[in-house]
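The values are calculated or read from the model by the stated rules, or taken from the named source; none is laboratory data. Only a predicted model underlies this, so the values are computations on that prediction, with no experimental measurement involved. Don't worry about glycine lacking a Cβ; one is built from the backbone with ideal geometry, like all the others, and counts go over all protein chains shown. What goes into the accessible areas is simple: the full protein's heavy atoms, side chains included, and nothing from ligands, DNA or RNA. Shrake-Rupley method; radii C 1.70, N 1.55, O 1.52, S 1.80 Å.
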Amino acid sequence: MTDTLATWGGWEPAIRDDPFGHFAEARTRCPVQRVRLADGHPAWVVLGYDAARQALGDPRISKDMLAALENDDDVVAEGLPGPEFSRHMLNVDPPDHTRLRRLVSRAFVPSRVAALEPAIQGIAHALLDELDLAGAGAPVDLVEGYAYPLPFQVIGELLGIPHADRPDLHAWFGVLLTGWTGDPPAEAVEASGKIVAYLRELVDAKRRSPADDLVSVLVAASDDALSTQELLSSLFQLVVAGHDTTASLIGNGVVALLDQPGQFQALRTDPGQLPGAIDELIRFTAPVPHATFRVTAEPVTVGGVQIPAHEQVLVCLGSANRDPGRFPAPDVLDIGRKRGQNLGFGHGIHYCLGAPLARLEARVAFEALLGRYPGLRLAAGRDALTWAHGDGLVLRGLVSLPVILGPGGRRG
Ligand code: HEM
């Protein structure tokens, strides 16, 4: 194995905080290239829009992580949470994928998602009330107090996690998702163990007394259509996929709008523009900068480059979404941009199942925040902001976002 491969991920802070110039430079050199990941494994990173879309939709590129680990292909680091949590829809191919996605989809039918709007509004305004009281004109952390707890509370509602249990679960996921490169630290292993034990207990409780929530639906299906491992994996994946992503969109989106006061004000005066703006904020701020694990099941040509069988493929959504061949003036935030089918929620059979919920949460979150606080501003210089998440591959969110809410209102 040659060591002349460029390293991808695990970047120094300057690149991690603003990776787009780095992506553009790599994409211009070659839209599909072989790299070495920060965990030591080689991979093919796909940077151009057309190539990324093709890779995401190609059935010859597998998502079966367990098979890759069992084949001993040495294409991926096991990391956490390990096999116990690895049989969810994002880590399998059809027909298992079809079966698992169909079961979980029941929670995401449009009527069920739309019915969550009043609850999400209640959560958003209650969090802002708390921040308002805590801040009283002084800086408050919008990530800790708003962007992060909002989607966590929503996923708690959807799954039927009792209110009293949420703080512990929130804290354990916080430790687990802080991010690391290489071997997981002891506290992450401990947090993972606590989450496993908690989800097992939750499943037992819902089996004893079912309710109108997703855990109960999945428990009911688990007798014939779902193994225990698949059930636990699916719950775990929903919590992970459902909150850190949306939290990052809210935090990153606020910064992008504060950078462009004209667009901030335009959304305040016309919140009807929010749905389009949210797509643009996803494109522009890349809350999920790379898609998850993929491996070639056979040789595949992507973007004119032949990738041999059993090689890891890493699709860089953050780069594809700034490909000037697809998006004119890609480095400009333009909330009125024609949509252009950005790949921020993925593409193909693994397209984000939670996209309608994420869009609803983000719309409500921005509506409440912008509506109540017209003078919202950063509490410190723009350079003081830090984006983090271990190797910087799958999640891109702020460590904290100190802001001054400014004179504002109680609930609008
Ligand atoms: C801004 C917020 C979000 C973003 C940017 C996002 C992004 C993505 C992306 C890029 C994928 C595809 C990954 C791949 O193909 O490797 C995905 C899949 C998925 N997401 Fe999201 N997501 C968000 C919010 C949510 C929410 C709120 C939920 C659920 C509560 C959710 C549940 C899922 C699920 C279940 C999948 C797997 C779909 C499958 O494998 O068929 N996501 N998401």
To make sure I understand the rule: partners must be lysines, Cα under 29 Å from the Cα of Lys194, and not fewer than 8 residues away in the same chain. Which ones qualify? Lys63, Lys206
Please say if the stretch 293-357 is rounded, prolate or oblate, where rounded means a/c under 1.5 for a ≥ b ≥ c the square roots of the C-alpha gyration tensor eigenvalues, and otherwise the choice is prolate for a/b larger than b/c and oblate otherwise? oblate
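Take every Cα-Cα pair in the chain and report what % of them are more than 30 Å apart. Present the calculation step by step, with values, prior to reporting the outcome.
Numbers: 34411 of 84666 pairs.
Result for the distance tail: 41 percent.
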Please calculate the 1.4 Å probe accessible area of Trp387, with all protein chains present, and give it to the nearest 10 Å². 20 Å²
Rounded to the nearest 20 Debye, what is the dipole magnitude of the stretch 325-412 about its Cα centre when Lys and Arg each give +1 and Asp and Glu each give -1 at the C-beta? 360 debye
Along the three principal axes, how long is the stretch 86-186 when you take its alpha carbons, biggest first, rounded to the nearest angstrom? 55, 42, 22
In the chain, what percent of the accessible surface is made up of carbon and sulfur (1.4 Å probe, ligands and nucleic acids excluded)? 55 percent
Note to self: with every protein chain in place and a 1.4 Å probe, the stretch 210-284 gives an accessible area per residue in Å² of 31 Å²
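Just the number please: accessible area per residue for the stretch 320-412, 1.4 Å probe, all protein chains included, in Å². The partial results should precede the final answer.
Values: 4040 Å² over 93 residues.
The answer is 43 Å² per residue.
What's the local net charge at Gly325, with K and R +1, D and E -1, over the other residues with C-beta under 13 Å away?
+2
Which loop-located GluC sites (Glu not before Pro) does the stretch 81-150 contain, where loop means any DSSP state but H, G, I, E or B and the Cβ has at most 13 other Cβ atoms within 10 Å? Provide the component values of the computation, followed by the final result.
Values: sites: Glu84, Glu130, Glu144; in loops: none.
Passing both the DSSP loop test and the Cβ count: no residue.
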Computed over the chain: relative contact order in percent, which uses C-alpha pairs under 8 Å that are six or more apart: 27 percent
Can you divide the C-alpha Rg of the stretch 161-236 by 2.2 N^0.38 Å and report the result to two decimal places? 1.21
